[in-house]
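One structure below.
Each value in this text was obtained by applying a stated rule to the coordinates, not by laboratory testing. Since we're looking at a predicted model, the values are computed, not measured. Heads up, the Cβs are rebuilt from the backbone with ideal geometry, glycines too, and the neighbour counts pull from every protein chain shown.
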Amino acid sequence: MKVVILCGGLGSRLAEETKLIPKPMVKIGNSPILDHIIKIYNHFGFRKFILATGYKSSVIENYYKKRKNIKCVYTGKNTLTGGRLLRLKKYFKKGENFM
C-alpha cells in the first residue's frame, strides 16, 4: 500500500524556519521532519511513498531524487488538501487504497 504525505503547505507557523526551506524539511536532530515520518511508516511495513509537494517543492525533490520508493509530485503552491489528493489520482489504480 502506498503512503501519501501532504507536504505542500507554507509552514507559516514556523515562519522563521521556512523562509528558505519547506516545513517538512525543517530538521529535528540531524534529519528533516519528513525523514522521521517516513521512518515511522517503514517501521510498520510501508515502503512506497508519494509526496504531494507545493511550497519550495524543489528542496524536497532534490533531497529525495535518488530514492526509488519515494515519488515527489508537485500539486500546486496554493492547493488545498482535497485538490492535492485529486491531483494524485493518476498514480493509483481504480479502487486502490492508500494511507
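Scanning region 21-36 for residues that are closer than 12 Å to Ile5 by Cα and touching a Pro at 6+ places or on another chain (Cβ under 7 Å) gives Pro24, Ile33, Leu34. Taken together, the residues in region 81-98 that are under 17 Å from Gly8 (Cα atoms) and exposed (fewer than 13 other Cβ atoms within 10 Å of the Cβ) amount to 4. Considered as a group, the residues in region 26-55 that are in contact with a strand residue (DSSP E or B) (Cβ under 9 Å, 6 or more places away or on another chain) and of a type in the set (A, V, I, L, M) include one that is surrounded by the most Cβ atoms within 10 Å (Cβ to Cβ), and that residue is Leu51. Among residues of region 71-82 that are on the phi > 0 side of the Ramachandran plot, those with a Cβ under 6 angstrom from a residue that is surrounded by 13 or more Cβ atoms within 10 Å (Cβ to Cβ) and not acidic (Asp, Glu), sequence gap 6+ or separate chain, pair up as Gly76/Gly54.
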